[in-house]
Each structure stands twice: as structure tokens, then as C-alpha cells.
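Take a look at the structure below.
The values are calculated or read from the model by the stated rules, or taken from the named source; none is laboratory data. Computed from a predicted structure; not experimentally measured. Heads up, the Cβs are rebuilt from the backbone with ideal geometry, glycines too, and the neighbour counts pull from every protein chain shown.
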Amino acid sequence: MNLERYEESNNRLPKEGRHILGSLSNNTIVVYQAYRQSIADYAVKHQHFGGEFSYNRMSWIKPNFLWMMYRSGWAEKEGQENILAITLSTEHFDEILNKAVISSFNKEFYNTEDAWKKDLTLKDVRLQWDPDHDPWGNKLERRAVQLGLKDDTLKKYGKEFILKIENITPFVKEQHEHLKSGRIDMLQVPYESIYVPKSKDLASKIGLSL
């Protein structure tokens, strides 16, 4: 895991706009999910999702580390005590993005509500642009993406797309201790860059700030 000081990351990354921020390397991107111990252990051991993991409900992935920390309470919320870093090829990540529909109607993306509802019935990925958050949980002007997967796309993701699954909870706990003790100078985060799909049409469709 390529790391940098949070202060350096904060100075380097954009302060506003809709951006996909993620750990990128050799045509791969890392996404994060949080689960209870039994699901996490199975995933790490088998390098795919199974066991107590449910393929019958929507599962959300997040490429932004600090958004995952906000959502999971730094791995302290019930059922989210284990943070998994999951490596995908950017090709498969783009495939997921291409199936995405904005989770609520927005005239910026759809001319009519009927057109949006039709897409909802046809596609099995939901995309949300949520406020990004700093390490303390404060909202930022910048927007972060999360993707909800279900049905065939979730099955492909969980069983076929994954290149690597790593439980990074010890790292998360270590960084949370720095945060709680006020040692912000010691806080490290994964090095993230702005990810832009190769297809300009896809980038425009999901509302990226370019």
C-alpha cells in the first residue's frame, strides 16, 4: 500500500467538484468495503466473496479511503469492524461505472423522471455523489462517489472481477489512534489520485468534474 501523510494529501487533492479519488497502479484501482469478521475472513481466505456474504442485496463499494472511514466510523460501527481493500482492474471498474444509474432523479443527468426510472429498471448499479469528509468526519465541498451493486453485476464483482482482497483493519486502527491523540502530523492515508475513465462519454454520463 502506497501511503502519504494526510496533510500532504489534503494539500494535493482538489477541494471541490465531483471526483473519483482512488489508489491507482498498473491499470488497477482499489475500492473499500467494511464487514463483520466472518465475511471478511472468508473473503481474504478465498479471495472472493462467499460464505455469509449475501448476493441478494445491494453491496456498496467506495474508492475513497476517507469516505470509507467516515462511513464505518474508522471500523468501529457494528458490522463494519473489518475494512477490506479490494483491487480491481480499471477495465472492470469502468464496466461497473458504465452500468451505473444516479440513485435519485437529477435534471443534470436525465431530461425526464420517466427516463431515469426506465434506466433504474434496466441497470443494476446505483451511483451516489456524496459529500466527501475529512478524518474528523466534517463535510467537504468535494464530492465522493460510492457505487451500489446488485444482481448480475454484484455476482461478477464478487466472484470474477476481484484481483486481490486485503484486510487493512490494523492499519486503520493505527491511523485512528494518531487521529484520536491529536497527532495529525502522523496520520497516513493511501496515496490517491483522480481517476478518469478512458471514455469521455462515460465520464460525462456519471457527472465527473473535468
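Just a few scattered comments:
- In the set (1) buried (at least 16 other Cβ atoms within 10 Å of the Cβ); (2) under 20 Å from residue 84 (Cα atoms), residue 116 fails one condition alone, (2).
- Per the listing 94, 119, the residue uniquely out of contact with any Asp or Glu (no Cβ under 9 Å at 6 or more places or on another chain), modelled with pLDDT under 80, of a type in the set (Asp, Glu) and not in a loop (DSSP other than H, G, I, E, B) is 119.
- When residues in the range 144-157 are screened for being surrounded by 19 or more Cβ atoms within 10 Å (Cβ to Cβ) and either in a helix (DSSP H, G or I) or among the β-branched types (Val, Ile, Thr) (or both), 4 of them pass.
- Filtered by the rule that a residue be at negative phi and within 19 Å of the chain's Cα centre (by Cα), the range 2-18 gives 2, 3, 4, 6, 9, 10, 13, 14, 15, 16, 18.
- The range 41-55, residues that are touching a residue at least 40 places away in the same chain (Cβ under 8 Å), in contact with a helix residue (DSSP H, G or I) (Cβ under 9 Å, 6 or more places away or on another chain) and part of a loop (DSSP other than H, G, I, E, B): 48, 49, 50, 53, 55
- Matching residues in the range 1-40 - criterion: being assigned to a loop (DSSP other than H, G, I, E, B) and acidic (Asp, Glu): 16
- Looking across the range 59-79 at every residue that is part of a loop (DSSP other than H, G, I, E, B) and under 14 Å from the mean Cα position of the chain (by Cα), the one that is surrounded by the most Cβ atoms within 10 Å (Cβ to Cβ) is identified as 64.
- Of the residues making up the range 140-186, those that are among the aliphatic types (A, V, I, L, M) and within 13 Å of residue 61 (Cβ to Cβ) are 144, 145, 147, 149, 154, 162, 165.
- Residue within the range 176-189 that is buried (at least 16 other Cβ atoms within 10 Å of the Cβ) and part of a strand (DSSP E or B) present: yes
- Between 160, 166, the distinction of being exposed (fewer than 13 other Cβ atoms within 10 Å of the Cβ), modelled with pLDDT of 95 or more and either of a type in the set (A, V, I, L, M) or over 22 Å from residue 13 (Cα atoms) (or both) belongs to 160 only.
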